[in-house]
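The values are calculated or read from the model by the stated rules, or taken from the named source; none is laboratory data. As the structure is a computational prediction, the values presented were derived from the model and not from experiment. For neighbour counting, all protein chains shown are included, and Cβ atoms are generated from backbone atoms with ideal geometry for every residue, glycine included.
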Amino acid sequence: MSVKAYELVQIIQRFSSPSGEKNVKIECVECSGKYVFIGTSDGHVVKYIVHETTAKSNIGSPFTYQREGQRYFDAKKPVRSIRAASALEKLLVLFDTTLHVLNMNDLEPIGSRLKSVQTFCVNENPKCSDPFLFQICVAPVSKGQVCIYNVTPDDKINLSNTYTLQEPIKCLSADCGIICAALQDKYIILDCDHGQVQDLFPFDKDAFTPYLCKVAKEEFLLSGPDGLGIFVCAAGTSNRPPLQWSYPLTSLTFHHPYILGVSHEIIMVHSIVDQQQKQAIPFLGGQLIGNYDGHIYVCSQTSLNALVPVPWEKQVEALLVDEHVEEALSLLEKVGNSGHLVGQIDPVKKRFKQQAAFIYFSRSELEIALDLFLDAEVDERELISIFPRLMPSATTFLRTVPPLHNIADVNQLFHGNEQRILEAKQFLLHFLQMAHDSRKSSYTVEIDTALLKLYAELGQNKDLESLLESASFSGDVQSCLAWLKDRGLHHARALLLLQKGNRSEALSLWCQMISGELFDSNFKGISFFADVLKAIGDAEVLWQYADLVLDNNEVDGVELFIQNQTAGTPTPTMELDPHTVADYLQRYPKALILYLEYLINEKGIEEEKFHTQLAVQYIDIIAKQKTQDTGSEVDLNENIQRLRRFLEKSNQYRSKFLLSKVRDLGLYQEVAILYGKVGT
Amino acid sequence: MANRGGAAQRPSPQTQGKICQFKLVLLGESAVGKSSLVLRFVKGQFHEYQESTIGAAFLTQTVCLEDTTVKFEIWDTAGQERYHSLAPMYYRGAQAAIIVYDITNMDSFGRAKVWVKELQRQASPNIVIALAGNKADLANSRAVECDEAQAYADENGLLFMETSAKTAKNVNEIFLAIAKKLPKNEQVSGSGSANQGRRLVESDTSAKTAGNCCK
């Protein structure tokens, strides 16, 4: 019960009768435009003109009023009801049991009168095409009847229909073709088209006062037992659950979507949507409330007040201040999207939703917060900025004013609770990933910077690397580098440098990792470095680092020189002369073999020099193994097999040159092959 | 479905499942477990100390029966005697009613019989009435014999089950039995008033509830 839907504002603090009599009570009120009519217990109708000033002063009421005229009826009896027929400029006044028609301007009686009237009501939606038709439903004194009259522009009150009821009516309300009424001891509903009367429910004739009001098309609200408010439709059924008033009613009205019930102590505001009480406004001596064309007036015996609807923006604002966020959102849902195109979110609503999102965030209700942040398209920087040090170092971002929240930062918010701070960081990470992937935000620098920092901090190194390896990373380099350095993430640092074109610094970092000067377990070693060099595709750079790689690992190193045609990405092809490479690799026999095999087997180069050189390399290994007796018998045999297969397959080598070498090693089968080749 | 891939067709009532809405009311003496049955059926929950209902409560639940989706609009009435006079507001126009008694309380069974009579006299003539002997989990303290209730139900053409909102025994079953017994096609009915409140909505049109302009 925290909605502030209405504000009670005084108009006439102390009403006094034109007669000067004391203890005169306000019996009834009516309003037409800026005119307010008060009917008194001493037979007066008093006309006021009421202005609502726009300049809101704190001193008093925004309303000013002035008495414009009055009408005094003969006897000292009360004016029981006043209704205005604004279009006809007439006032219908029930004085004692006579219904008078007055000119609204000068309050002079005109036309006919109806006698013996117990009560009456206006049907604001009569079933008739005449827009000037003013229809009233009249309950005669002590007769079981209801009579429909049409008040005409020529000052006549014409009887249009009469329905017979079991008992006289106490009070009634009408809409379209339906009249709902309280008889002496029960409520009934009357279908005028069919003339059918349906009993609703009984009540105690003496101890119970019935109240009823129209709430929707052909739907009424009735006061029932135990302070219940029962809804009823034309068919005599209830289509909404009942509501309950906590204080005995003295008057009842409806102002969409609120039901306003007045008691002697408070004004109770219930929502018709969920039938729950939303607001309680203290008001002593409440007697009378009415909705007069959208103006709500509420009276005690001697004061006239207005219930001013609080604009929905203010209601939502107040709810958010008190952190009644669910109610604020449900109110937002009910407000139409005024003045904005379909698909566009009202900026005011957007802001409220963002505020709500921060409230959920601060409660660690992160799923709801996420939906709201996304739905309300929050400026990502607002969220990033409550996490210390995640913003780029040179940021000029300032939080929006007035602020969306009162969070200084997450440490303050969660009082240093590690678990909650961690959850918040993971939440932000998830949020930023979505923002990064969607590419909708214009704050990619801030998003990517924070994303990198969070990955680094939370140890999500794989994600960190794939972020850095993606072409779309646009974080702030300086603050990211510093962040990574502080956390010993040298590999990521090198990736970032490389990504930002700072190649030499990146490579030198990796060199330091290879040499053991720096350590980062995320660095995958020399093969990775070789891949980087190849990807760079710059011969100069390649030659610069080739020794380093080959010294560490010949097998990985040779990959530098092998243009892998099958790789999916067309690496920038370097023009590497095979002779230069082969000469260079002389120092690295294993690498040289792999390179020559690549030239011959993969590239199909038929140059004699390479073929002979490969054979010589094979022979050298065998020779080395034989003389030094290193390696196993199996290795030796394997190498001999390799040589044999090559000698059989290739026709490009210089057989004669090889012959002596092979013979020296006592490889007679191979000697035979060579002889065979020489012979051809 | 022969011309699959042709022009988009509106789903026809023959091939698409129907959605039927039915108004169902629960009646019975106070504290027999009406709200608990509804809570079990709608939310699958049970509260040992269910608060007593003030006036009436409204809930909905949907069940599927072969090709038909049955949406129950459930009116759970207050059992206390002072609210008795309000009951017609809620059972009027209902297509189905569950009259609940407590198997450990003979008086509540007597009260259930009075409700049956009232419905037979005043509710829609075609109303489907089910009798639920609730609190079947308390069979140790049984005061109403199952056979007796069954015989009474048979005599009066009522569905009958002993239920337990606490253990969920027969709760879904009794609602399903009612759903099966309710007429699911728009037959030409003899009198309008008897069928008032029933809305039959094809699934390709959004269900609009007349008179509920405030959502």
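A few points about this structure:
- Within region A:186-195, the set of residues being within 13 Å of chain B (Cβ to nearest Cβ) and at pLDDT 95 or above comprises A:186, A:187, A:188, A:189, A:191.
- Sole residue being surrounded by fewer than 16 Cβ atoms within 10 Å (Cβ to Cβ), touching a residue at least 12 places away in the same chain (Cβ under 8 Å) and part of a strand (DSSP E or B), chosen from A:49, A:38: A:49
- In region A:375-401, the residue that is surrounded by the fewest Cβ atoms within 10 Å (Cβ to Cβ) out of those that are of a type in the set (D, E, K, R) and under 22 Å from residue A:448 (Cβ atoms) is A:389.
- In region A:238-253, the residues that are within 11 Å of chain B (Cβ to nearest Cβ) and either over 17 Å from residue A:280 (Cα atoms) or crowded, with 19+ Cβ neighbours inside 10 Å (or both): A:238, A:239, A:240, A:241, A:242, A:243
- When residues of region A:384-439 are limited to those that are among the acidic types (Asp, Glu) and part of a helix (DSSP H, G or I), the one nearest to residue A:478 (Cα to Cα): A:437
- Test: residue B:93 is at positive phi and within 14 Å of chain A (Cβ to nearest Cβ): yes
- Residues in region A:170-181 that are assigned to a strand (DSSP E or B) and within 14 Å of another protein chain (Cβ to nearest Cβ): A:175, A:178, A:180.
- Some residue of region A:34-45 being under 45 Å from the mean Cα position of the chain (by Cα) and not basic (Lys, Arg): yes
- Pair list, Cβ < 8 Å and 6+ apart or interchain, from region B:139-160 residues that are without any contact (Cβ under 8 Å) to a residue 40 or more places away in the chain to residues that are exposed (fewer than 12 other Cβ atoms within 10 Å of the Cβ) and not hydroxyl-bearing (Ser, Thr, Tyr): B:160/B:154
- Members of region A:454-488 that are touching a residue at least 40 places away in the same chain (Cβ under 8 Å) and touching an Asp or Glu at 6+ places or on another chain (Cβ under 6 Å): A:475
- In region A:467-478, the residues that are surrounded by fewer than 21 Cβ atoms within 10 Å (Cβ to Cβ) and assigned to a helix (DSSP H, G or I): A:469, A:477, A:478
- Within region A:539-569, if we keep just the residues that are aliphatic (A, V, I, L, M) and either part of a loop (DSSP other than H, G, I, E, B) or at pLDDT below 75 (or both), the residue that is farthest from residue A:596 (Cα to Cα) turns out to be A:567.
- Restricting region A:263-319 to residues that are surrounded by 21 or more Cβ atoms within 10 Å (Cβ to Cβ) and in a helix (DSSP H, G or I) leaves a set whose member that is nearest to the other protein chains (Cβ to nearest Cβ) is A:315.
- Filtered by the rule that a residue be hydrophobic (A, V, I, L, M, F, W, C), exposed (fewer than 15 other Cβ atoms within 10 Å of the Cβ) and touching a strand residue (DSSP E or B) at 6+ places or on another chain (Cβ under 8 Å), region A:59-109 gives a lone residue, A:87.
- Scanning region A:487-532 for residues that are crowded, with 16+ Cβ neighbours inside 10 Å, small (Gly, Ala, Ser) and over 43 Å from the mean Cα position of the chain (by Cα) turns up just one, A:530.
- For region B:65-73, the count of residues that are within 21 Å of residue B:36 (Cβ to Cβ) and either touching a residue at least 60 places away in the same chain (Cβ under 8 Å) or not in a helix (DSSP H, G or I) (or both) is at least one.
- Residues in region A:16-35 that are assigned to a strand (DSSP E or B) and closer than 15 Å to residue A:71 by Cα: A:26, A:27, A:28, A:29, A:30, A:35.
One line per residue, one yes/no per condition, for (1) assigned to a loop (DSSP other than H, G, I, E, B); (2) under 24 Å from residue A:188 (Cα atoms); (3) not small (Gly, Ala, Ser):
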position: B:41; (1), (2), (3): no, no, yes
position: B:46; (1), (2), (3): yes, no, yes
position: B:53; (1), (2), (3): yes, no, yes
position: B:63; (1), (2), (3): no, no, yes
position: B:85; (1), (2), (3): no, yes, no
position: B:90; (1), (2), (3): no, yes, yes
position: B:101; (1), (2), (3): no, no, yes
position: B:108; (1), (2), (3): no, no, no
position: B:111; (1), (2), (3): no, no, yes
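- Restricting attention to region A:202-233, the residues that are more than 7 Å from every other protein chain (Cβ to nearest Cβ), over 22 Å from residue A:288 (Cβ atoms) and either in contact with a helix residue (DSSP H, G or I) (Cβ under 9 Å, 6 or more places away or on another chain) or crowded, with 23+ Cβ neighbours inside 10 Å (or both) total 2.
This table checks each residue for (1) out of contact with any strand residue (DSSP E or B) (no Cβ under 9 Å at 6 or more places or on another chain); (2) more than 14 Å from chain B (Cβ to nearest Cβ); (3) not in a strand (DSSP E or B); (4) not β-branched (Val, Ile, Thr).
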position: A:130; (1), (2), (3), (4): no, yes, yes, yes
position: A:136; (1), (2), (3), (4): no, yes, no, no
position: A:143; (1), (2), (3), (4): no, yes, yes, yes
position: A:147; (1), (2), (3), (4): no, yes, no, yes
position: A:168; (1), (2), (3), (4): no, yes, yes, yes
position: A:200; (1), (2), (3), (4): no, no, no, yes
position: A:236; (1), (2), (3), (4): no, no, yes, yes
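A quick yes/no check of all residues on (1) more than 14 Å from residue A:467 (Cβ to Cβ); (2) free of Cβ contacts under 8 Å to residues at least 60 places away in the same chain; (3) surrounded by fewer than 17 Cβ atoms within 10 Å (Cβ to Cβ); (4) among the aromatic types (Phe, Trp, Tyr):
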| residue | (1), (2), (3), (4) |
| --- | --- |
| A:403 | yes, yes, yes, no |
| A:414 | yes, yes, no, yes |
| A:417 | yes, yes, yes, no |
| A:422 | yes, yes, yes, no |
| A:426 | yes, yes, yes, no |
| A:429 | no, yes, no, no |
| A:435 | no, yes, no, no |
| A:452 | no, yes, no, no |
